[in-house]
1. If I stretch the segment between residue 78 and residue 27 completely, what's the gain in nm (0.36 nm per residue apart, minus their alpha carbon distance), one decimal?
2. Pop out the ³J(HN,Hα) list for region 65-78 in order, Karplus 6.51 cos²θ - 1.76 cosθ + 1.60 with θ = phi - 60°, rounded to Hz; leave Gly and Pro as x.
3. Express in % the proportion of alpha carbon pairs of region 32-83 at distances exceeding 13 Å.
4. Using the Karplus equation 6.51 cos²θ - 1.76 cosθ + 1.60 (θ = phi - 60°), what ³J(HN,Hα) coupling, rounded to whole Hz, does each residue of region 41-46 give in order, writing x for Gly and Pro?
5. Rounding to the nearest 20 debye, state how big the charge dipole of region 32-83 is about its Cα centre with +1 on each Lys and Arg Cβ and -1 on each Asp and Glu Cβ.
6. Please report the orientation-averaged projected area of the chain, defined via the convex hull of its C-alpha atoms, in nm².
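What follows is calculated from the coordinates using simple rules that are stated; it is not laboratory data. Note that the structure is a prediction, hence the values are computed from the model and not measured. Neighbour counts run over all protein chains shown; Cβ positions are idealised from the backbone, glycine included.
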Amino acid sequence: MAQNIVIRWLQACSTPHRQRLASLVRSSRATSDGSVLDAMAALLLAECAGDLGMKPEELATLVGDPRKVGREAVLELALAGINWSSAA
C-alpha cells in the first residue's frame with residue numbers, strides 16, 4: 001500500500017513548521033458544505049503542494065482521493081500535536 005505523500009511531507013517538516021501548520025489548521029473555517037475537517041484537509045494539501053513546487057490541483061491528481069488523503073493528514077497533524085503536548 002502506498003504511503004500518503006502528504007503525511008510523508010508532514011513527517012519531514014520541522015517541528016516549528018508543523019506547529020505553524022497546526023496554527024493555520026486551527027484557524028480554518030467551514031467550507032460551503034459546512035465541513036471544517038475538509039477545510040483543514042484542503043489547507044494542508046495546498047501547503048504541501050506549495051512546498052513541493054506544485055499547484056494544489058496537481059497534487060490532488062497525484063494522490064487519487066484528495067479528500068481522504070487530506071483528512072489523514074489532519075489526523076497525523078493532530079496526533080503530532082498530542083505528542084508535543086505530552087513532551088512538554
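1. Computed gain between residue 78 and residue 27 is 17.0 nm.
2. Calculated HN-Hα couplings, in order: 10, x, 5, 5, 4, x, 5, 4, 5, 4, 4, 4, 5, 5 Hz.
3. 56
4. Karplus values, whole Hz, x for Gly and Pro: 4, 5, 5, 5, 4, 5.
5. Charge dipole of region 32-83: 80 debye, to the nearest 20.
6. Taking the Cα atoms of the chain, their convex hull projects to 6.0 nm² on average.
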